[in-house]
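The values are calculated or read from the model by the stated rules, or taken from the named source; none is laboratory data. Bear in mind the structure is a predicted one, so any value in this text is a computation, not a measurement. Ideal geometry is used to build each Cβ from the backbone, glycine not excepted, and the neighbour counts take in all protein chains shown.
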Amino acid sequence: MSRIAVTGATGFVGGTVAAVLAARGHDVLCLVRRDPGPDLPWPSRVVDVQDVDSLTEALDGADAVLHLAIWNDLIAMYADRQRAWDGYVGLTRRVVDAANETGARVGLVSTDWVFDGTGHLVDEEEPPNPVNLYGFLKAASELVVLERARAGFVARVGGVQGLHQTQASGPRSQDCGFGYFVLALVDALRAGGRFTVWEDPDINCVATPIVSPEIGALLGLAVDKRVDGVLHLAGATAVTRRELALATCEVFGLDADRLDFGPPPDEARLPAPVPHDTSMAAGATMARLGATAHPIEAQLAALRAELETGAPAPLS
Ligand SMILES: NC(=O)c1ccc[n+]([C@@H]2O[C@H](COP(=O)([O-])OP(=O)(O)OC[C@H]3O[C@@H](n4cnc5c(N)ncnc54)[C@H](OP(=O)(O)O)[C@@H]3O)[C@@H](O)[C@H]2O)c1
């Protein structure tokens, strides 16, 4: 088993990644910027994320560092470009430099929003062409890893569905991407309400959703198999928002007649272009990892199991 440092473990995806890796016997160390207290159930170490030496000390003995931390405010980043650049590219560069010093492999979790949204099921060879600042900063961070890390990989994810491990409420509202979509719908319908599935040419309308525990499982394989290059950690099924909503009703036993379809409210729109179809093909990745991309029904069944038990349910 590997010793794996994780940045961003207080967040949504990073927390689940830490949980899955720890459950599989990996020696997980969460690198945090402030004492998380008892809410973070895995070993952690406070680091100065501005200081390469601090990160280097923390990575001593680590086989890999999975870097998920970002300044996750896709609107505020337009008002403070310096902070945004540092919170993505600068931080990734410091993590890579520290890992190069200690010999740790870097795994950067990136996004399907590095693409411009005009393709369909694009593969790992497709060059990024981001259409907004978030996508640009993630693509630039990818290059830092691909060009600067002595050993490292980029793992693009999108349409991530799952529970937040360390915050009971978690982020569970629909936005102009696919993240959190399913639980937002489930919450609304289980509470007896209706749910409007946003459909609009100017938001992200097609993706290949994956549950967050599966991301953790696949990242563990990527570390164990010492892969480099670009990976697509995606589900096997490209779905529209409407198809995802209908599949969710089917798997969760909810009444699809309580779905409405329409454009998002103006206040939910990003002040920037949003890629429309960000579905990714993951065939080459799965072959390298010896894994299988799972169809949407299986992803949703795993999410339902996670919701019922509170425990992440990876498929691989
Ligand atoms: N969620 C999705 O649907 C989705 C889709 C595609 C890709 N991704 C990628 O997955 C990764 C995790 O996303 P998420 O949704 O889990 O984000 P999140 O819940 O907002 O978590 C962000 C994490 O980053 C940390 N952080 C923020 N600014 C930092 C800084 N300057 N230095 C160090 N740590 C900092 C936060 O720590 P504090 O607790 O200290 O604030 C938190 O642990 C990101 O790289 C994102 O691009 C996510």
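Odds and ends about this structure:
- Checked against the criterion of being among the basic types (Lys, Arg) and under 20 Å from the mean Cα position of the chain (by Cα), the candidates Arg258, Arg269, Arg304, Arg242 yield just one match: Arg304.
Residue-by-condition table, conditions (1) in contact with a strand residue (DSSP E or B) (Cβ under 8 Å, 6 or more places away or on another chain); (2) aromatic (Phe, Trp, Tyr):
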residue	(1), (2)
Val32	yes, no
Pro36	yes, no
Trp42	yes, yes
Gln50	no, no
Ser54	no, no
Leu59	yes, no
Ala62	yes, no
Ile70	no, no
Arg83	no, no
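- Screening Glu147 against (1) in a loop (DSSP other than H, G, I, E, B); (2) of a type in the set (Asp, Glu); (3) surrounded by fewer than 15 Cβ atoms within 10 Å (Cβ to Cβ) leaves a single unmet condition, (1).
- For region 132-187, the tally of residues that are β-branched (Val, Ile, Thr), more than 12 Å from the ligand (Cβ to nearest atom) and over 26 Å from Asp228 (Cα atoms) stands at 1.
Yes/no per residue for (1) out of contact with any Lys or Arg (no Cβ under 8 Å at 6 or more places or on another chain); (2) in a helix (DSSP H, G or I):
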site: Arg226; (1), (2): no, no
site: Arg242; (1), (2): yes, yes
site: Asp260; (1), (2): no, no
site: Pro314; (1), (2): yes, no
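- On the stretch given as region 184-199, residues that are outside any helix (DSSP H, G or I) and free of Cβ contacts under 8 Å to residues at least 60 places away in the same chain total 2.
- Here no strands (runs of 3 or more DSSP E) wholly within region 1-120 include at least 3 residues being in contact with a helix residue (DSSP H, G or I) (Cβ under 7 Å, 6 or more places away or on another chain) and away from the ligand (no atom under 13 Å from the Cβ).
Conditions (1) modelled with pLDDT of 95 or more; (2) within 17 Å of the chain's Cα centre (by Cα); (3) under 21 Å from Ala313 (Cα atoms); (4) of a type in the set (Ser, Thr, Tyr), marked per residue:
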{"position": "Val17", "(1), (2), (3), (4)": "yes, yes, yes, no"}
{"position": "Gly25", "(1), (2), (3), (4)": "yes, no, yes, no"}
{"position": "Asp39", "(1), (2), (3), (4)": "no, no, yes, no"}
{"position": "Ser44", "(1), (2), (3), (4)": "yes, no, no, yes"}
{"position": "Asp51", "(1), (2), (3), (4)": "yes, no, no, no"}
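- Across region 160-196, the qualifying residues are those that are more than 24 Å from Pro273 (Cα to Cα) and among the polar types (S, T, N, Q), and the one among them that is surrounded by the fewest Cβ atoms within 10 Å (Cβ to Cβ) is Ser169.
- Some residue of region 266-279 being in contact with a Gly (Cβ under 7 Å, 6 or more places away or on another chain), more than 23 Å from Asp224 (Cα to Cα), among the polar types (S, T, N, Q) and crowded, with 21+ Cβ neighbours inside 10 Å: yes
- Pick from region 7-55, criterion closer than 29 Å to Phe178 by Cα and charged (D, E, K, R), ranking: surrounded by the fewest Cβ atoms within 10 Å (Cβ to Cβ): Asp39
- Ile210 being buried (at least 22 other Cβ atoms within 10 Å of the Cβ), at pLDDT 95 or above, touching a Ser or Thr at 6+ places or on another chain (Cβ under 8 Å) and closer than 19 Å to Val17 by Cβ: no
- Residue check for Arg226: crowded, with 24+ Cβ neighbours inside 10 Å, in contact (Cβ under 8 Å) with a residue 60 or more places away in the chain and basic (Lys, Arg): no
- Criterion applied to His164, His120 was being more than 14 Å from Arg93 (Cα to Cα) and within 17 Å of the chain's Cα centre (by Cα), and the one residue passing it is His164.
- Scanning region 271-306 for residues that are assigned to a loop (DSSP other than H, G, I, E, B) and either more than 14 Å from Val211 (Cα to Cα) or acidic (Asp, Glu) (or both) yields Pro271, Ala272, Pro273, Val274, Pro275, His276, Thr278, Ser279, Ala281, Ala282, Gly290, Ala291.
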